[in-house]
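J.: Take this structure first; my questions come after.
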Amino acid sequence: MLKGKNAVITGSTSGIGLGIARALAAQGCNVMLNGLGDPEKIEATRMALTAEFGITVIFHGADMTRPDEISALMESAANEFGGVDILVNSAGIQHTAPIEEFSPDRWQAIIAINLSSSFYTIHHAVPQMRRNGWGRIINIASVHGLVASANKAAYVSAKHGLVGLTKVVALETAGSGITSNAICPGWTRTELIEPQIAARAEALGVDIEAGGRSMLAEKQPSRQFVSIEQLGQLALFLCSPGADQITGTAIPIDGGWTAQ
Ligand code: NAD
């Protein structure tokens, strides 16, 4: 379906970003991976995707807190691929604390990585997409782009901001062949939420699995985690012709979390 298309996926060395990279690669799309982590593991991931799907996979280690490095990543994608057709903004971090104890450093880092980095990638990608008359911008927001939870001041602010950015870009690109949408996952079992599961388990004096079940019971009516594969399938649908008129949306995939 996506043979010959080129995608940049920020935060794709693990979790949801890597899952979406796999889903795109499986449809013949070339991918640029990005993120932090052990260089040997990242290279092994890059080689494995190349071998499994016979596509071009490149890696750029831009730090998403650094606008200059994000520009270099987008320029590198344009040079290596000849353009960017699909942009998935998935880089993200979490920090939880009550507002009066929330460290300003953590605030700055979360706003930079979870919100501002998407401004910079989109700013660079839109001119290339306009030239092609086609483009897909998929921002991995969160249920926390739609509703709040206590102790997540920076994360909820960044994700609400990302949903707003998604809408503005949709209006500015409407009718051009470019769409801009946000995916809003509920609890998805990745490294990002492991510290929260561990903290819950410790507070309740239970094991990790029971800690996870307690978190689901509190927020996610299905009591099941969203899977990385399900998020990959939703991203693929947004890249399909069936989604040509879907733009400016924030799509929950959350087991009913935001229906409450
Ligand atoms: P993850 O920790 O597995 O992935 C985060 C990715 O971002 C990794 O590749 C990491 O290396 C990268 N990253 C972090 N800081 C970076 C930086 N400074 N520069 C470049 N890359 C950086 O977690 P995940 O759950 O896959 O998170 C992906 C996105 O999904 C995030 O935006 C997160 O907010 C969002 N999300 C996750 C959940 C969940 O329950 N896991 C729910 C809703 C939304």
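J.: Does at least one position in region 24-43 carry a residue that is part of a helix (DSSP H, G or I) and under 25 Å from THR166 (Cα atoms)?
T.: Yes, there is a match, as at least one residue in region 24-43 is part of a helix (DSSP H, G or I) and under 25 Å from THR166 (Cα atoms).
J.: Which of the residues that make up region 156-211 are without any contact (Cβ under 8 Å) to a residue 24 or more places away in the chain, among the β-branched types (Val, Ile, Thr) and under 22 Å from LEU18 (Cβ atoms)?
T.: Listed by number, the residues that qualify are ILE197, ILE208.
J.: Using the structure shown, decide if GLU191 is in a helix (DSSP H, G or I) and loosely packed, with under 15 Cβ neighbours inside 10 Å.
T.: Spelling it out, it is not the case that GLU191 is in a helix (DSSP H, G or I) and loosely packed, with under 15 Cβ neighbours inside 10 Å.
J.: State the number of residues belonging to region 78-117 that are assigned to a loop (DSSP other than H, G, I, E, B), within 11 Å of the ligand (Cβ to nearest atom) and among the hydroxyl-bearing types (Ser, Thr, Tyr).
T.: 1
J.: Check ALA170, ALA154 and return the single one that is surrounded by 24 or more Cβ atoms within 10 Å (Cβ to Cβ), part of a helix (DSSP H, G or I), over 16 Å from the mean Cα position of the chain (by Cα) and at pLDDT 95 or above.
T.: ALA154
J.: Looking only at region 110-123, how many residues end up being closer than 21 Å to SER14 by Cβ and surrounded by fewer than 17 Cβ atoms within 10 Å (Cβ to Cβ)?
T.: Selection size over region 110-123: 0.
J.: In addition: Which residue out of ARG223, ARG200 is outside any strand (DSSP E or B) and touching a Lys or Arg at 6+ places or on another chain (Cβ under 8 Å)?
T.: Answer to the selection: ARG223.
Residue-by-condition table, conditions (1) buried (at least 19 other Cβ atoms within 10 Å of the Cβ); (2) of a type in the set (A, V, I, L, M):
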| residue | (1), (2) |
| --- | --- |
| GLY4 | no, no |
| GLY11 | yes, no |
| LEU18 | yes, yes |
| CYS29 | yes, no |
| ALA44 | no, yes |
| ALA51 | no, yes |
| ILE55 | yes, yes |
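J.: Among the residues of region 201-222, how many are surrounded by 14 or more Cβ atoms within 10 Å (Cβ to Cβ) and closer than 19 Å to HIS144 by Cα?
T.: Residues meeting the conditions: 7.
J.: Applying the selection to region 1-20, what residues are more than 10 Å from the ligand (Cβ to nearest atom) and either not polar (S, T, N, Q) or not in a strand (DSSP E or B) (or both)?
T.: If the condition is that a residue be more than 10 Å from the ligand (Cβ to nearest atom) and either not polar (S, T, N, Q) or not in a strand (DSSP E or B) (or both), then MET1, LEU2, LYS3, GLY4, LYS5, ALA7, VAL8 are the ones that fit.
J.: Sticking with this structure for a sec: Give the residue that is nearest to the ligand (Cβ to nearest atom), with candidates limited to residues of region 174-188 that are hydroxyl-bearing (Ser, Thr, Tyr) and assigned to a strand (DSSP E or B).
T.: Among them, the one singled out is THR188.
J.: Tell me, yes or no, whether region 133-150 has at least one residue that is in a helix (DSSP H, G or I) and over 17 Å from the mean Cα position of the chain (by Cα).
T.: Checking region 133-150: not a single residue is in a helix (DSSP H, G or I) and over 17 Å from the mean Cα position of the chain (by Cα).
J.: Name the single residue that is nearest to the ligand (Cβ to nearest atom) among those in region 216-260 being on the phi > 0 side of the Ramachandran plot and touching a Pro at 6+ places or on another chain (Cβ under 9 Å).
T.: GLY255
J.: When you scan region 237-260, how many residues do you find that are crowded, with 20+ Cβ neighbours inside 10 Å and in a helix (DSSP H, G or I)?
T.: Residues meeting the conditions: 3.
The values are calculated or read from the model by the stated rules, or taken from the named source; none is laboratory data. Note that the structure is predicted; figures quoted are calculated from it, not measured. We place every Cβ from the backbone using ideal geometry, glycine too, and count neighbours over all the protein chains shown.
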